[in-house]
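Novice: Below are the C-alpha cells for one structure; questions will follow.
Bear in mind that the values in this text are calculations on the coordinates, not laboratory data. Fair warning: this is a prediction, and the values are worked out from it, not measured in the lab. Every residue, glycine as well, gets a Cβ built from its backbone with ideal geometry; the counts of neighbours run over all protein chains shown.
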Amino acid sequence: MNTVDARGLLCPEPVVLAQKAIKGAPAEVTVLVDAVAAKENVTRFAKSRGYEVESSEENGEYSLKLTKK
Amino acid sequence: MLEYIRILSNFQVCLAIYKDVRFEKMKGIGKTYMLKKRNFWVILTGVVIGASAVLLTALGNPGNMGFCIACFIRDTAGAAKLHTAAVVQYVRPEIIGMIIGAMAIAMLSREFKPRGGSSPMTRFIIAVVVMIGALMFLGCPLRMMLRIGGGDLNAVVGLVGFIGGIFVGTLWLKGGFTLKRAYSQSLTEGVALPFAVVLIMVLSIAVPTLFAWSESGPGAAHAPVAIALIVGLLVGGLCQRSRFCTVAGNRDAMMFKDFSMLWGFLAVIVTTIVGNLITGSFHLSFADQPVAHTDGLWNFLGMALVGWGSVMLGGCPLRQLILAGEGNTDSAITVTGFFVGAAICHNFGLASSGAGPTTNGMIAVVAGFVVLTVIGLLNRERA
C-alpha cells in the first residue's frame with residue numbers, strides 16, 4: 001500500500017504530496033500528517049477528487065486513509 | 001483565470017451559502033457539512049476583519065490601515081528603536097492581540113503544539129525579503145485588500161503583482177520546493193515569541209519612556225489601546241479557527257481549484273467597501289490615497305515579491321502571526337525576520353513613502369527576487 005509521510009510539512013506541501021500520490025488514481029493511499037490544518041486540507045482535497053477519507057489519531061498525528069469511491 | 005472571474009461576479013451566492021451554512025449547522029449533519037462549515041468560518045473571519053478595519057480607522061488608525069501586519073510590525077520595531085524613522089514608531093496592540101488571541105484559541109482547542117526546525121534561517125531571510133517588498137508597496141497583502149476597499153487603485157495594481165508572485169511561487173512548489181520538515185519542540189520554544197510580545201505590550205504601558213512614540217505621521221495615528229487590543233484578540237482567535245490566509249486563497253485556487261479561502265479574501269474587500277461607503281471614506285482614485293504612492297511598476301513588483309516569498313513561507317504575514325501563536329517556532333522566526341526586515345528597510349532607506357519609492361528600495365526589491373530564486377534553486381527535492 002502506498003503511504004505518503006507529510007508529517008512536519010507546512011501547508012500546502014501535504015496537499016501537493018497527496019496530489020502527486022493520487023495522480024495514477026490508485027485505489028488506496030495513506031497520508032500521514034501532524035497538524036489539524038493539514039488534516040483538514042488533505043481531507044478536503046481528497047474528497048474533491050472522489051476519495052473517501054478515514055482518519056485515525058495517535059499522539060497528535062493523523063493517519064488519513066484515502067479510498068477511491 | 002476564468003474561474004476567478006466567475007467567482008468574482010458571483011459574490012451574491014456567498015450570502016446564500018452563508019444562510020445555508022447556518023441551516024446546515026442547525027441540522028448538524030449532511031455530507032457537505034465540512035466544506036460549508038469551513039466557508040462559514042472563512043467568510044465570518046473576512047467580514048469581521050473588514051468591519052474591524054473600518055472601525056479602527058474611524059477610531060484613529062491611519063487611512064486604509066485598520067490592519068497592516070507589515071506596517072504594524074514596522075511601527076512596533078520603531079517604538080523599540082530598532083529603527084529611528086520618527087513618523088513610524090508606535091507599539092501596535094493589534095499585532096500582539098492577534099498572536100495572543102490565536103494562542104488562546106489554539107490552547108482551548110488543543111491545537112497549540114510547539115514545533116519547528118524547518119529551515120529557520122532560510123525562513124528568516126525570506127521574511128526580510130517579504131518585508132522589503134511590503135514596504136516598497138506600503139502594506140502587507142491584508143492592507144492591500146483594505147486599500148482596495150477604500151478605493152485605492154494603486155492597490156489593484158499591487159493585487160495583480162501579488163497574484164503574479166503567488167503564481168510563480170506555486171510553480172516552485174510544483175517543482176519540488178520545500179523548506180523541509182518541522183519537528184516537535186519544547187514548550188519554552190513555543191511560548192517564547194508570545195511571551196516576548198506580551199512583555200513589550202506590558203512595558204509599553206507601564207514604562208512608556210522606554211519606547212519611542214511618533215508625534216506626527218502614521219505612527220501618531222492610532223485607535224485607543226484597549227479597543228485595538230480587544231479587536232486584535234478577536235481577529236487572532238477567528239483567524240486561528242478559520243486558517244485565514246491572504247495567500248492561501250489565491251494559491252489553493254491556482255494549485256487545487258480549491259476556492260474556499262478565496263471567499264474570505266472577497267469578504268474582506270466587500271465588507272471594507274461597504275463600511276467605507278457608510279463612513280464616507282471610500283475614494284476611488286490613484287492619486288492622494290493615504291499612506292500610498294502611485295508608482296505602478298514598483299507597486300506591482302513589491303507585491304509580486306511579497307506573494308512569491310509568502311508562498312515559500314507557507315502563508316502570508318498575517319498567517320505567520322497566527323501560526324506563531326499556535327507554537328510554530330518557524331513562524332516565530334519568520335515574525336522576528338519581519339521585525340528585523342522592517343528595521344533594515346528604514347535604516348537603509350529601502351521603504352517607500354507617500355512621495356514614492358527610493359532608489360535603494362528598487363535595488364533591494366530586485367536583489368530580493370535574486371535571493372528568492374537562489375533559495376528556490378537550492379531547496380528542491382526531486383520526487
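Novice: If you keep only loop residues by DSSP, which chymotrypsin sites (Phe, Trp or Tyr not before Pro) in segment B:326-383 have at most 16 other Cβ atoms within 10 Å of their Cβ?
Specialist: Of the chymotrypsin sites (Phe, Trp or Tyr not before Pro), the ones in loops of segment B:326-383 whose Cβ has at most 16 other Cβ atoms within 10 Å are B:348.
Novice: Let me ask something else. Specify the inter-centroid distance of segment B:319-371 and segment B:223-300, based on alpha-carbon positions, in whole Å.
Specialist: If you average the Cα positions of each part, the centres end up 19 Å apart.
Novice: Also: Scanning chain B for helices, which whole DSSP H stretches are 24 Å or more long along the axis (Cα) and average 0.5 or more by Kyte-Doolittle?
Specialist: B:33-58, B:120-137, B:153-174, B:187-206, B:225-242, B:260-279, B:296-313, B:329-347, B:359-378
Novice: By count of other Cβ within 10 Å, fewest leading, how are B:167, A:45, B:67 ordered?
Specialist: Placing the least packed residue first, the sequence is B:167, A:45, B:67.
Novice: Right, another one. Shape of segment B:91-244 from its Cα gyration tensor (a ≥ b ≥ c, root eigenvalues): rounded if a/c is under 1.5, otherwise prolate when a/b > b/c, or oblate?
Specialist: oblate
Novice: Using packing as a proxy for protection, rank B:54-60, A:19-25, B:89-95 so that the peptide with the highest average count of other Cβ atoms within 10 Å comes first.
Specialist: Ranking, from highest mean packing down: B:89-95, B:54-60, A:19-25.
Novice: How far apart, in nanometres, would the label points at residue A:2 and residue B:297 be if each is projected 7 angstrom from Cα along the Cα-to-Cβ direction?
Specialist: 4.7
Novice: Give the residue from B:176, B:286, B:151 lying farthest towards the positive end of the charge dipole for chain B; charges sit on Cβ (+1 for Lys and Arg, -1 for Asp and Glu) and the dipole is referred to the Cα centre.
Specialist: Highest projection toward the positive end goes to B:176.
Novice: How about residue B:37: which aspartates and glutamates have a C-alpha closer than 20 Å to its C-alpha, ignoring those fewer than 8 places off in the same chain?
Specialist: A:40, A:52, A:54, B:20, B:24, B:111, B:252, B:258
Novice: Still on this structure, I have one more. Decide, for segment B:222-364, between rounded, prolate and oblate: order the square roots of the alpha carbon gyration tensor eigenvalues as a ≥ b ≥ c, take rounded if a/c falls under 1.5, and otherwise choose prolate if a/b is larger than b/c, else oblate.
Specialist: Verdict is rounded for segment B:222-364.
Novice: Also, I was wondering about something else. What does the charge count around residue A:66 come to, taking other residues whose C-beta lies under 11 Å from its C-beta (Lys +1, Arg +1, Asp -1, Glu -1)?
Specialist: +2
Novice: How many nm separate the modelled label positions at residue B:380 and residue B:183, each set 7 Å beyond the Cα in the direction of the Cβ?
Specialist: Taking the simple label geometry, residue B:380 and residue B:183 are separated by 2.8 nm.
Novice: Classify chain B as rounded, prolate or oblate, taking a ≥ b ≥ c as the square roots of the eigenvalues of its Cα gyration tensor: rounded when a/c is under 1.5, otherwise prolate if a/b is larger than b/c and oblate if not.
Specialist: rounded
Novice: Between B:278, B:230, B:333, find the one with the highest GNM mean-square fluctuation for chain B; connect C-alpha pairs within less than 10 Å.
Specialist: B:278
Novice: Provide the gained length on full extension for the span residue B:283 to residue B:220, in nm with one decimal, where the gain is 0.36 nm per separating residue minus the Cα-Cα distance.
Specialist: Taking 0.36 nm per residue and subtracting the Cα distance, the gain is 20.4 nm.
Novice: Another one. To the nearest 500 deg cm²/dmol, what mean residue ellipticity at 222 nm is calculated for the protein assembly as shown from DSSP H runs of n ≥ 4 alone, each contributing -39,500 (n - 2.57), summed and divided by the residues?
Specialist: -21000 deg cm²/dmol
Novice: Also, quick follow-up: In nm, to one decimal, how far is the modelled label at residue B:205 from the one at residue B:363, with both set 7 Å along Cα→Cβ?
Specialist: According to this spin-label approximation, the distance is 4.4 nm.
Novice: Here is a follow-up. Hey, which of these cross-link pairs are over 24 Å Cα-Cα: A:69/B:36; A:23/B:174; A:68/B:36; A:39/B:113; A:23/B:113; A:39/B:36?
Specialist: Violating the 24 Å limit, Cα to Cα: A:23/B:113.
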